[in-house]
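Presented below is the structure to which this report refers.
The values are calculated or read from the model by the stated rules, or taken from the named source; none is laboratory data. Predicted model, so just to flag it, every value in this text is computed and none were measured. Neighbour counts run over all protein chains shown; Cβ positions are idealised from the backbone, glycine included. In case anyone asks, the SASA skips ligands and DNA or RNA and just uses the protein heavy atoms, side chains included. Shrake-Rupley method; radii C 1.70, N 1.55, O 1.52, S 1.80 Å.
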Amino acid sequence: MAKAKGHVEFNENICKGCGLCVEVCPVKIIALDRTRINVKGYYPASVAEMDKCIGCANCATICPDLVITVEREMV
């Protein structure tokens, strides 16, 4: 059976740090980056361990500001 892999990209400059994507990620790889502030003054969401992404797109679906793009491939 094929396994899904994903790649997530964030437009960090429009992220308002709401954290909805953090809550819905089933593999818990998204976090607010508390070491940086974006141009809007928020901590942007980011993925530290992209290799664990399953490409489910829950994060992109729940994002109210269309910050997240998910690419999915079957391996």
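Structural remarks
- Number of positions in segment 60-75 that are among the hydroxyl-bearing types (Ser, Thr, Tyr) and either part of a strand (DSSP E or B) or more than 11 Å from the chain's Cα centre (by Cα) (or both): 1
- Condition check for residue 27: in contact (Cβ under 8 Å) with a residue 40 or more places away in the chain and open to solvent by less than 60 Å² (accessible area, probe 1.4 Å): no
- Here residue 53 meets the list (1) touching a His at 6+ places or on another chain (Cβ under 8 Å); (2) surrounded by fewer than 13 Cβ atoms within 10 Å (Cβ to Cβ) almost entirely, failing just condition (2).
- Total residues in segment 1-29, condition within 11 Å of residue 58 (Cβ to Cβ) and not in a helix (DSSP H, G or I): 5
- Pick from segment 38-59, criterion touching a residue at least 40 places away in the same chain (Cβ under 8 Å) and closer than 15 Å to residue 24 by Cα, ranking: nearest to the chain's Cα centre (by Cα): 59
- Restricting attention to segment 30-42, the residues that are part of a loop (DSSP other than H, G, I, E, B) and open to solvent by less than 60 Å² (accessible area, probe 1.4 Å) add up to 3.
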